[in-house]
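Structure first, then comments.
The values are calculated or read from the model by the stated rules, or taken from the named source; none is laboratory data. Note that the structure is a prediction, hence the values are computed from the model and not measured. Here Cβ is always computed from backbone atoms with ideal geometry, including for glycine, and neighbour counts include all displayed protein chains. What goes into the accessible areas is simple: the full protein's heavy atoms, side chains included, and nothing from ligands, DNA or RNA. Shrake-Rupley method; radii C 1.70, N 1.55, O 1.52, S 1.80 Å.
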Amino acid sequence: MTSQPFTVADVMTRKVVAVLPGAEFKEIVAAMERWKVTAVPVVEGEGRVVGVVSEADLLLKEEFHGHRLGLVEQMRRLDATAKAGSRRAEDLMTSPAVTVGPGASLPRAARLMASHHVKRLPVVDASGTIQGVVSRSDLLKVFLRPDDDLAAEVRHEVVEHLFPLSHRKVEVRVDAGVVTLSGEVLDSTLVPLAERLARTVEGVVDVRCDLAAQSPT
């Protein structure tokens with residue numbers, strides 16, 4: 001297999017909306033509203049990411065507005081109550097930020113989002129300087145690849161590699177991201193592997209495998 005898998009750098013948004021540590025509460029809300037984002041990185045210096053402020057961080061102020069907590073609840077939610085009483089990004093942000101490198105695979109980015117329950121990740125280089133932002137919607141961009149491109153990649157990277165002698169008898173069809181492999185191959189023991197490898201092609205939604213052993217002549 002020679003095809004290079006898609007990385008975060010291939011799908012990330014390079015135009016970043018960020019705020020400084022001293023940004024005021026209303027300034028942060030206004031930036032999120034203007035740019036239609038649910039979280040903003042907090043950067044200092046020449047763009048080093050020091051945290052992230054999300055809608056969840058900001059909504060704590062509304063949650064605790066006019067609500068007096070008992071001592072036990074205050075102790076249990078110290079971080080939340082501190083943020084509810086804060087008004088600057090440096091006090092509101094979640095730090096350290098959960099970040100990802102531009103060379104990370106899309107599955108890795110997706111796992112980070114799922115495990116940390118976040119919708120967006122700042123993309124940083126080795127020095128921690130922001131390069132972009134990757135969101136859930138960015139990760140879905142690979143599923144917009146044209147069917148013809150998917151078919152060509154499956155044929156070249158899977159079928160021709162696994163079945164060098166019988167690849168011309170294999171038909172590769174793609175409809176709405178669903179790959180169908182049909183035809184006859186010399187080595188039918190490789191059919192399950194062909195199906196698995198076809199599923200790993202970025203943008204493939206599903207695979208239907210109708211390959212069979214070539215009939216003896």
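Looking only at PRO122, PRO164, PRO21, which one moves most when the chain is put into a Gaussian network model with springs between Cα atoms under 10 Å?
Of PRO122, PRO164, PRO21, the Gaussian network model singles out PRO164 as fluctuating most.
Under 8 Å for C-alpha pairs, at least 6 residues apart: give me the relative contact order for region 1-56, rounded to a whole percent. If you can, show how the numbers build up before the last one.
Working: 46 pairs, mean separation 15.0, N = 56.
Relative contact order for region 1-56 comes out at 27 percent.
Would you kindly give the portion of the calculated P(r) for the chain that falls above 22 Å, as a percent of all Cα pairs?
It works out to 61 percent of all Cα pairs.
Provide the gained length on full extension for the span LYS119 to HIS161, in nm with one decimal, where the gain is 0.36 nm per separating residue minus the Cα-Cα distance.
Stretched out fully, the LYS119 to HIS161 stretch lengthens by 11.4 nm.
Output ³J(HN,Hα) for region 44-51: one whole-Hz value per residue in order, computed from phi by the Karplus curve 6.51 cos²θ - 1.76 cosθ + 1.60 with θ = phi - 60°, and x for Gly and Pro.
With coefficients 6.51, -1.76 and 1.60, one gets 9, x, 9, x, 6, 6, 10, x Hz.
Spin-label point model (7 Å from Cα, Cβ direction): what's the LEU186 to ARG87 distance in nm?
Output for this residue pair reads 7.7 nm.
Extension gain ASP206-VAL29, at 0.36 nm per residue separation less the Cα-Cα distance, in nm?
Full extension from ASP206 to VAL29 adds 59.7 nm.
Putting +1 on Lys and Arg Cβ atoms and -1 on Asp and Glu Cβ atoms, find which of VAL53, ALA104, GLN4 reaches farthest to the positive end of the dipole of the chain.
With unit charges placed on the Cβ atoms, the residue in question is VAL53.
How high is the relative contact order of the chain, given as a whole-number percent (alpha carbon pairs under 8 Å, six or more residues apart)?
Dividing the mean separation by the residue count of the chain yields 19 percent.
Solvent-accessible area per residue for the chain at a 1.4 Å probe radius, Å²?
58
To the nearest 10 degrees, how steep is helix 25-35 against the longest Cα principal axis of the chain, on a 0 to 90 scale?
Long axis of 25-35 versus the principal axis of the chain: about 30 degrees.
HN-Hα J couplings of region 95-108 from phi, Karplus 6.51/-1.76/1.60, θ = phi - 60°, integer Hz, Gly and Pro as x?
9, x, 6, 7, 10, 9, x, x, x, 5, 6, 5, x, 5
Once fully extended, how much extra length lies between ASP148 and LYS15, figured as 0.36 nm per residue of separation less the alpha-carbon to alpha-carbon distance?
Here the segment from ASP148 to LYS15 would lengthen by 44.9 nm.
What distance in nm separates the two pseudo spin-label positions at ARG48 and LEU140, each 7 Å out from Cα along the beta-carbon direction?
A separation of 3.6 nm, rounded to one decimal place.
In the chain, what percentage of the DSSP-assigned beta bridges are antiparallel, given to the nearest 5?
Once the DSSP bridges in the chain are tallied, antiparallel ones form about 70 percent.
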